[in-house]
């Protein structure tokens, strides 16, 4: 029988990324405090923002690489 693996990212974190990607595709995703820094220009940036939001909400996400 195959060994069951634990998810690295919670489903809630996945939903956070999903909604942020939607915002990115529409062109409404913003970065920085209260979106002052400007429009998100890359997919990687959008994913990083979503994971950061998920961490703040307490979802299960691996720690940031420093």
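Every number in this text was worked out from the coordinates using simple rules, so none of it is lab data. Remember, it's a predicted structure, so these values are computed and weren't measured experimentally. Using ideal geometry, Cβ is built from the backbone for each residue, glycine included, and neighbour counts are taken over all protein chains shown.
Structure summary
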quantity	calculated
Pick from the range 38-51, criterion over 10 Å from the mean Cα position of the chain (by Cα) and loosely packed, with under 14 Cβ neighbours inside 10 Å, ranking: farthest from residue 24 (Cα to Cα)	38
Residue tally, condition touching a residue at least 40 places away in the same chain (Cβ under 8 Å) and either under 11 Å from the mean Cα position of the chain (by Cα) or loosely packed, with under 14 Cβ neighbours inside 10 Å (or both), over the range 52-66	5
Residue in the range 1-30 that is nearest to the chain's Cα centre (by Cα), counting only those that are without any contact (Cβ under 8 Å) to a residue 12 or more places away in the chain, more than 19 Å from residue 60 (Cβ to Cβ) and not in a helix (DSSP H, G or I)	30
